[in-house]
Every structure is written in structure tokens, then in C-alpha cells.
Amino acid sequence: MKILVTGATGGIGRLLIPILLKAGHEVIATSKSFEKAKLLSFFNQVTYITYDFNQPLSDNLFQYFGKPDSVIHLAWDKLNDYKNEEHTTTILEKHKLFVQNLISNGLKDFNGVGTCYEYGLIEGELKETMTVSPKLSYPLAKYKLFEFIESLKSHYQFESKWLRIFYIFGEIYGRKNLFSLLNQAINDKHKTFNMSGGQQIRDFLSPEEIATLIASIATQRKVNGIVNCCSGKPIMLVDFIKNYLKEKNYEIELNLGCFPYPDYEPMNTWGNTEKLNKIILK
């Protein structure tokens, strides 16, 4: 299968593309920085085509990217600032135009990457059929892109999957998260690590596990629509971190309750994997 991967130089793209290549797929990789792309280990194994979402649209992006069989759309800007209003204004509109151009010119399979934050403040197990209410600009923009893609189905014939990525615990290139902050404190030999009370219940996956799931979901044809990309295994955050520290033999005291709980996240939430299991379980 010929697969176009946008955001190829981003944190997940760098992990996903080698998985697709190993599975025998032909990969067309795109990002806005050729200089970053040429440094990647897989650069000579893919067809690399530069594309900047800030540039004027090509007349036919489907043809421009070599008529791929499928697209995995990872590209997005300002991922370290979920509250930035540009997500719902300029960024969203550029991605709408990009997707519509591909589909209107012949793309038959689109895989969009969303976020569990689309569910908003819903507590407990999250199922794909739930009515969502995003509380931040980033997940709201993602959900609006999902709705836009669904609306295109009344005009064009194509299949789509929407992958809602759940909580990632691990190093992601170019991203700041709890993992990177914790490991920075350890590397700097801090005696304590400041965090919230840690009583949140979540399910976690490593970036490598997320990339593997994305590859599995995107390259199959039996399940479409929204798919939770998650472990489905709820665990209290503080317990998860303590297990990680014990596994790595790291010594640092957790300063619990230093920060308030975010008001845009539910306390207890994890993904339902019934739909995902239809894909990954043989």
C-alpha cells in the first residue's frame, strides 16, 4: 500500500514511518522542513515531498503526493499550547482545505489523528459513541475537523478512520509532557519532583505503542469511524509513576499536591477498547 504520512518529522511520525516500512508499505513522507527530514534514519527509504500548510494549495494535492492509497494525517501546529485560539481559527481552516483537496481529487482512505481531549469532562470509560464536548481549542479544532470530514461523505466516496489518541507516557520529539519533565528532574539530580496530587485515573501508552496502534488501525479496512487508541487499563497516575521509577531504579521524591488538578480534564477517565480489539486481536 502507498501511504502518505503528514507530520513525518514530528514525534509520532518518526516512530510510525519505520513501522510502516517494515510492514512492506511504500511511504510518502511530508513535512515543512526538508532540513529536518534529511537527518532521519529512514529518509532514503521513503519518497519525501516538502509541504507547508502556510503555502498556497497546489491545484491537485492528490496528484502532487503521487496518488496515495491512504493518508495518515499527523501534522498539526502548536502542540505545546492546547489553549491557543489559533487551533480553531487559522490552523483548522488550513487543514480543512488540505483534506478536502485530497479527497475531492481522488483519495479513497483517510486516517485522521484526534485526541481523547475531544471527550471533554466525561468521567469513567470513554466509548466512541459518546457525545463529546471539548474544553480546549486544540481538541475542539480536532473535533471540528472530524465533523468536516464526515460532511464530505455526502459529496465524495471515501472511507475514513478517526484515531483518538489517549494519554502518552514517554519521550516525544519536540513535545513537553509529564514524562519529559520528570526525567529532566532526574537527570538534573533533583531530590523532589513537583506534581499534582496524582489521584487521577488514566490509561497510558508509550509513544512506540501509540505508533504501532496507528499503523494497525490505518492499514486495515474492516473497521472505520472513530477508534480509541488506548490501553483500556485504568491506573492511578501516582501509582503509574511510582511503578516507572521502581522499574528504572530511579530515586526521586514525588512532591504531591504542589499543583492543582487541571480544570479541563476529568479526574477518572480511560478508553474503551472494544472497537480497537476488533482490529488488533486476531
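The values are calculated or read from the model by the stated rules, or taken from the named source; none is laboratory data. Here the structure is a predicted model, which means the values were calculated and not measured. As a convention, Cβ positions derive from the backbone with ideal geometry for all residues, glycine included, and neighbour counts pool all protein chains shown.
Among the residues of this structure, TYR156 does not count as one that is within 29 Å of PHE98 (Cα to Cα), hydroxyl-bearing (Ser, Thr, Tyr), in contact with a helix residue (DSSP H, G or I) (Cβ under 9 Å, 6 or more places away or on another chain) and buried (at least 16 other Cβ atoms within 10 Å of the Cβ).
The residues of region 216-233 that are under 30 Å from SER196 (Cα atoms) and in contact with a Gly (Cβ under 9 Å, 6 or more places away or on another chain), listed by number, are ASN228, CYS229, CYS230, SER231, GLY232.
Would you check if ILE217 is touching a helix residue (DSSP H, G or I) at 6+ places or on another chain (Cβ under 6 Å) and not charged (D, E, K, R)? Steps first, please.
Values: touching a helix residue (DSSP H, G or I) at 6+ places or on another chain (Cβ under 6 Å): yes; not charged (D, E, K, R): yes.
Answer is yes for this residue.
Restricted to region 110-130, and to residues there that are among the aromatic types (Phe, Trp, Tyr) and outside any strand (DSSP E or B), the residue that is nearest to the chain's Cα centre (by Cα) is TYR117.
Taken together, SER133, SER154 contain a single residue that is part of a loop (DSSP other than H, G, I, E, B), over 30 Å from LEU256 (Cβ atoms) and assigned by TED's automatic domain parsing to the domain that holds ALA218, which is SER154. Would you check if there is a residue in region 193-204 being surrounded by 22 or more Cβ atoms within 10 Å (Cβ to Cβ), within 17 Å of LEU281 (Cα to Cα) and either more than 14 Å from the chain's Cα centre (by Cα) or not aromatic (Phe, Trp, Tyr) (or both)? Among the residues of region 193-204, not one is surrounded by 22 or more Cβ atoms within 10 Å (Cβ to Cβ), within 17 Å of LEU281 (Cα to Cα) and either more than 14 Å from the chain's Cα centre (by Cα) or not aromatic (Phe, Trp, Tyr) (or both), which makes the answer no.
Counting only strands (runs of 3 or more DSSP E) that sit completely within region 26-109, those holding 1 or more residues that are among the acidic types (Asp, Glu) and within 20 Å of ALA211 (Cα to Cα) correspond to 26-31. Which of the residues that make up region 158-187 are among the hydroxyl-bearing types (Ser, Thr, Tyr) and in a loop (DSSP other than H, G, I, E, B)? Listed by number, the list holds a single entry, TYR173.
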